[in-house]
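The values are calculated or read from the model by the stated rules, or taken from the named source; none is laboratory data. From a predicted model like this one, the values you see are computed outputs, not experimental measurements. Virtual Cβ from ideal backbone geometry, glycine too; neighbours counted across all protein chains shown.
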Amino acid sequence: MKPKLWMTWAALSVWCYLASGLCGEDFNDLLPSTESAPKTRLVYQYLQGQAERALQRRNERFEKLDTAEAIQAYQQEQRKFFQTQLGGFPERTPLESRVVGKLAGDGYTIEKVIFASQPNHHVTANMYLPETAPPYPCVVVASGHSRTAKAADYNQRFGIIMAKNGMAALVYDPIGQGERSMILNAAGEAKHNSTTAEHFQIGVGSILLGTNTARYRVWDAMRAIDYAQSREDVIAARIGFTGCSGGGTVTSYVMALDDRVRCAAPACYLTTFGQLISSIGPQDAEQNIYGQIRFGMDHPDYVLMRAPQPTIISCTTNDYFGVEGVWQNFRQAKRIYTRLGYGERVGLVEGDGNHGVPLGNLNAIMRWMRRWLLDQDDAAWTDQFVTRTPEELQCTPAGQVLQLAGEISVYELNARRQRSYEKQRAQFAKLDPSEQRRRMRQLLNMSSEETLPKLAVTEVGSVRREGQRCDKVIYQAPDQLPIPAVVCYPRQNQRRVCLYVSGQGKQAALQDRQLQERLADGQIVVAVDLPGIGETRDDRANAVLGDWKNFYVAYLLGKPYVGLRAEVILQLAQRLEKDFPDQPVELVATGEAATAALHAAALSDHFTRVELKDALESWVPIVSAIETENQLVNTIHGVLGHYDLPRLTELHGNVHYVKQAKSTDK
């Protein structure tokens, strides 16, 4: 029989054997799982432990802030870190503001406003004005995650209550909401009802550029303040800021970073990361700042950064953000404000009910603004609100800014930023390979290979049929995640080792005909589940965002998920070289495991050959892609300011793509 024909027949025989035998086995039963400790939460619990230790270090530092000088230094350090992690801000350009319509209300007037936060990137807003003579203080209102944004009932109530009580209020649409959707359907309307869906999609490309959805949210808010201060009927030195939920997030950020915010009232957001991670976990894209937990920036720090400026925290008893964390936050703020001599400048109001701003909270926020912006400390009360339809409050002719001539989306702004990094990537490519690898490790927050903990191996079962066997094993280093794997041995001629990391997990790998061909070729095949794949796939993962909960806890810890998985691959390579000395090791990776595998290969000399299937070949298309699927886990904060994936291919020198990557744009 001819050699090639023999190999084909052997491969087919092995595949048929496995298809009828081993593939009928359950290889997803290696790790124990109970209702109280499900294996689908193993990665989350591991990362949660790291977060808790980092937060404890932060709290220990907080306890040492016992002088005004120490507090001021802490504030400056926190602000500098915060702004850096957001990727800095654009230059201030002309607002080109215009009032496009007016509505008469009961005791107030509404002006429909459009202004540009960046050139050809417009913000739609409603300005609520009292009937009394100007000038007025102005309260800027950031919207929560409501599709109708400025026209949502609770945002209208913010505007109305301020105007009825002597203050102007500017209620504006954030990106991805109201008239500022960045993803439109064929009819020119918002494609998604969920606004967090848009924020997450914007976040995927933004991370690659070293920024965040929050950068756009914060900058729009700051430009809203610019607009308010530009008006002759507004007292520029008396600016307040408030918002609920996602608007509470933006309020927390802006009040921490912008000294112009004299008085602030974040609602239904502030808690502590300890409370958040132990309950509902990380939330929307802009609510996670890269590396902030590792650095020591917790929710209370948004208040501490602005001390002793007046701040009231609004919450509700049954809010899913966790009221216990709110009170912990407030207590820290109260202690710092008191040490600075202004204990009366920070307050908290807790109303009955679920997530939102009940009437009592709304009036408390209004009174707080009157106290600090109007110098009137009284028991004003408003409980009558006549709200309008979104169409009545609409500012643009077609109802979406993207329908304006020459309008630029966030995706185009990100694409322009990406193009500005091309020279930096070219310079990176000129560095000595060892320096390139050093900087890559730094960007991935990866340990040097010499310091990686060594994996032990435990056999938990074996399947044997007709002289061939597959061992079920668990690889694990002390205090690290267990890595379930299946080691399949060929019947004869063991001459190479193949480490197979499938984006679908080891069970899917064992059904891959290519794996069977490798066994027939005499290769030992080790199929593993990387963290968050296979047995440890988080039960909250989905097709669009992938393993987003685990990703964002790691992101808060300053640990790219790619780096976490690449370290595991390197540990496995070290172990395989020990178990199978003198046997060359090849690496095969598919789907979402491929980006981590490519990094592991480029950063080491363990793998003689690398084969990638259904793999991402460049990050650049992701930046401008309006929608992506399961690419969040493949992002690294700021990576495109240094290198793109082809650089890794060149560094290794023997990487083969089996098939063209799936499109990132639906």
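Worth a mention:
- Within segment 210-223, tally of residues that are touching a helix residue (DSSP H, G or I) at 6+ places or on another chain (Cβ under 7 Å) and within 18 Å of A554 (Cα to Cα): 4
- Test: residue in segment 373-387 that is charged (D, E, K, R) and out of contact with any helix residue (DSSP H, G or I) (no Cβ under 9 Å at 6 or more places or on another chain): yes
- Against the list (1) over 30 Å from M366 (Cβ atoms); (2) of a type in the set (A, V, I, L, M, F, W, C); (3) in a strand (DSSP E or B), the condition L65 fails is (3).
- Here Q516 qualifies as touching a residue at least 12 places away in the same chain (Cβ under 8 Å), part of a helix (DSSP H, G or I), in the same structural domain as A615 (by TED's automatic domain parsing) and farther than 27 Å from H199 by Cβ.
- Any chance R417 is among the charged types (D, E, K, R), assigned to a helix (DSSP H, G or I), more than 30 Å from F321 (Cα to Cα) and modelled with pLDDT of 95 or more: yes
- Yes/no for A509 being touching a residue at least 60 places away in the same chain (Cβ under 8 Å) and assigned by TED's automatic domain parsing to the domain that holds P581: yes
- Strands (runs of 3 or more DSSP E) contained entirely in segment 435-490, each with at least 2 residues that are touching a Lys or Arg at 6+ places or on another chain (Cβ under 8 Å) and exposed (fewer than 14 other Cβ atoms within 10 Å of the Cβ): 456-465
- Selection count where residues are within 30 Å of L651 (Cα to Cα) and in contact (Cβ under 8 Å) with a residue 40 or more places away in the chain, scope segment 438-477: 15
- Positions within segment 68-88 being surrounded by 16 or more Cβ atoms within 10 Å (Cβ to Cβ) and outside any helix (DSSP H, G or I), in sequence order: L86, G87
- In segment 283-340, the residues that are over 21 Å from the mean Cα position of the chain (by Cα) and among the aliphatic types (A, V, I, L, M): V303, L304, M305, A307, I312, I313, V323, V326, A333, I336, L340
- Segment 368-383, residues that are part of a loop (DSSP other than H, G, I, E, B) and either in contact (Cβ under 8 Å) with a residue 60 or more places away in the chain or outside the structural domain of L348 (by TED's automatic domain parsing) (or both): Q376, A380, T382
- Residues that are among the charged types (D, E, K, R), surrounded by fewer than 17 Cβ atoms within 10 Å (Cβ to Cβ) and either assigned to a strand (DSSP E or B) or in contact with an Asp or Glu (Cβ under 7 Å, 6 or more places away or on another chain) (or both) within segment 93-114 comprise R98, K102, listed in sequence order.
- Residue match in segment 255-266 (condition: over 23 Å from F81 (Cα atoms), more than 17 Å from the chain's Cα centre (by Cα), charged (D, E, K, R) and at pLDDT 95 or above): no
- Residue list for segment 384-400, restricted to those being more than 17 Å from G107 (Cβ to Cβ) and in contact (Cβ under 8 Å) with a residue 60 or more places away in the chain: T389, P390, E392, L393, Q394, C395, T396, A398, G399, Q400
- Check on L257, farther than 17 Å from V139 by Cα and touching a residue at least 40 places away in the same chain (Cβ under 8 Å): no
- Test: residue in segment 274-286 that is crowded, with 24+ Cβ neighbours inside 10 Å, touching a Leu at 6+ places or on another chain (Cβ under 7 Å) and modelled with pLDDT of 95 or more: no
- Any pair with Cβ under 7 angstrom, 6 or more apart, that starts in segment 147-167 at a residue that is aromatic (F, W, Y) and ends at one that is surrounded by fewer than 21 Cβ atoms within 10 Å (Cβ to Cβ): Y154/G356
A quick yes/no check of all residues on (1) touching a residue at least 12 places away in the same chain (Cβ under 8 Å); (2) buried (at least 22 other Cβ atoms within 10 Å of the Cβ); (3) within 22 Å of F82 (Cβ to Cβ); (4) of a type in the set (G, A, S):
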| position | (1), (2), (3), (4) |
| --- | --- |
| Y302 | yes, yes, yes, no |
| Q309 | yes, no, yes, no |
| Y337 | yes, yes, yes, no |
| E350 | yes, no, no, no |
| N363 | yes, no, no, no |
| M366 | yes, yes, no, no |
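- Residue that is modelled with the highest pLDDT, among those in segment 519-550 that are among the charged types (D, E, K, R), farther than 24 Å from A197 by Cβ and assigned to a loop (DSSP other than H, G, I, E, B): D529
- Yes/no for I626 being farther than 29 Å from F273 by Cα and touching a Gly at 6+ places or on another chain (Cβ under 6 Å): no
- The combined condition, being over 26 Å from R565 (Cβ atoms) and out of contact with any Phe, Trp or Tyr (no Cβ under 9 Å at 6 or more places or on another chain), is not fulfilled by A37.
- Scanning segment 311-335 for residues that are in a loop (DSSP other than H, G, I, E, B) and either of a type in the set (V, I, T) or touching a residue at least 40 places away in the same chain (Cβ under 8 Å) (or both) gives T317, D319, Y320, F321, G322.
- Against the conditions (1) buried (at least 24 other Cβ atoms within 10 Å of the Cβ); (2) within 17 Å of D106 (Cα to Cα); (3) of a type in the set (K, R), K150 satisfies every one except (2).
- None of I474, I483, I533 is among the β-branched types (V, I, T) and within 24 Å of T608 (Cα to Cα) except I483.
- Qualifying positions in segment 399-414 - assigned to a loop (DSSP other than H, G, I, E, B) and in contact with an Asp or Glu (Cβ under 9 Å, 6 or more places away or on another chain): G399, Q400
- Residues in segment 537-559 that are farther than 18 Å from I277 by Cβ and touching a residue at least 12 places away in the same chain (Cβ under 8 Å): R537, A543, V544, G546.
- The requirement of being crowded, with 24+ Cβ neighbours inside 10 Å, farther than 29 Å from R425 by Cα and not hydroxyl-bearing (S, T, Y) is fulfilled nowhere in segment 203-211; no residue meets it.
- Scan of segment 321-333 for residues that are within 19 Å of M255 (Cβ to Cβ) and either among the β-branched types (V, I, T) or in contact with a strand residue (DSSP E or B) (Cβ under 6 Å, 6 or more places away or on another chain) (or both), ordered by number: V326, F330, A333
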